[in-house]
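The values are calculated or read from the model by the stated rules, or taken from the named source; none is laboratory data. In this text the structure is predicted, and so the values were computed from the model without any measurement. Note: ideal-geometry Cβ built from the backbone for every residue, glycine included; neighbour counts use all protein chains shown.
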Amino acid sequence: MRYVKPARKAVIPVAGLGTRMLPATKAIPKELLPIYDRPLIEHVVKEAIDGGIREIILITRSGKEAIENHFDAHYELEHRLVKKGKDKILEDIVKIIPDEVKISSIR
């Protein structure tokens, strides 16, 4: 019997134009459209992480910088939430990606 190592890396294509979801996707990437209270891409990434993935690579294109920004730290926003005592919201935006998971993007 052969041992198969579990997948630890996921490649997620997010470079489409979103033409099937126009006009909503004219200004907002389809991956950032919300499902309940979170963007679609966040649900996809969380599912991958829950499945054991530890490295996520987003294949993107120009005009999709907002997807990359969604997973980056936003120090000014975090500082304002701390000052206003909005700890629950702060926790939600800081804990999107666990420390042991690496997320990157490439065009």
* Asked: For the subset of the stretch 19-69 comprising residues that are of a type in the set (G, A, S) and more than 26 Å from K5 (Cα to Cα), which member is modelled with the highest pLDDT?
  -> A66
* Which residue, of H74, H70, H43, is within 25 Å of A27 (Cβ to Cβ) and in contact with a Pro (Cβ under 7 Å, 6 or more places away or on another chain)? -> H70
* To do: Taking only the stretch 18-32 into account, find how many residues are surrounded by 14 or more Cβ atoms within 10 Å (Cβ to Cβ), out of contact with any Ser or Thr (no Cβ under 6 Å at 6 or more places or on another chain) and not in a helix (DSSP H, G or I).
  => 2
* Structure fact -> Just one listed residue, out of K64, K5, K84, is out of contact with any His (no Cβ under 8 Å at 6 or more places or on another chain), basic (K, R), farther than 19 Å from D99 by Cα and surrounded by 14 or more Cβ atoms within 10 Å (Cβ to Cβ), and it is K64
* Asked: Out of the stretch 33-64, which residues are in a loop (DSSP other than H, G, I, E, B) and touching a strand residue (DSSP E or B) at 6+ places or on another chain (Cβ under 6 Å)?
  -> I53, T60
* Asked: Across the stretch 94-106, which residue is surrounded by the fewest Cβ atoms within 10 Å (Cβ to Cβ) among those that are farther than 16 Å from V44 by Cα and modelled with pLDDT under 90?
  -> D99
* **Condition met for G85 (on the phi > 0 side of the Ramachandran plot and touching a residue at least 40 places away in the same chain (Cβ under 8 Å))** => no
* Structure fact -> Screening K102, K86, K64 for residues that are more than 25 Å from P13 (Cα to Cα) and of a type outside the set (D, E) leaves only K86
* **Given (1) on the phi > 0 side of the Ramachandran plot; (2) touching a helix residue (DSSP H, G or I) at 6+ places or on another chain (Cβ under 8 Å); (3) surrounded by fewer than 14 Cβ atoms within 10 Å (Cβ to Cβ); (4) not basic (K, R), index of the condition G52 fails** => (2)
* **Scope the stretch 11-30; condition in contact with a Lys or Arg (Cβ under 9 Å, 6 or more places away or on another chain) and of a type in the set (A, V, I, L, M, F, W, C); matching residues** => V14, A15, L17, M21, A24
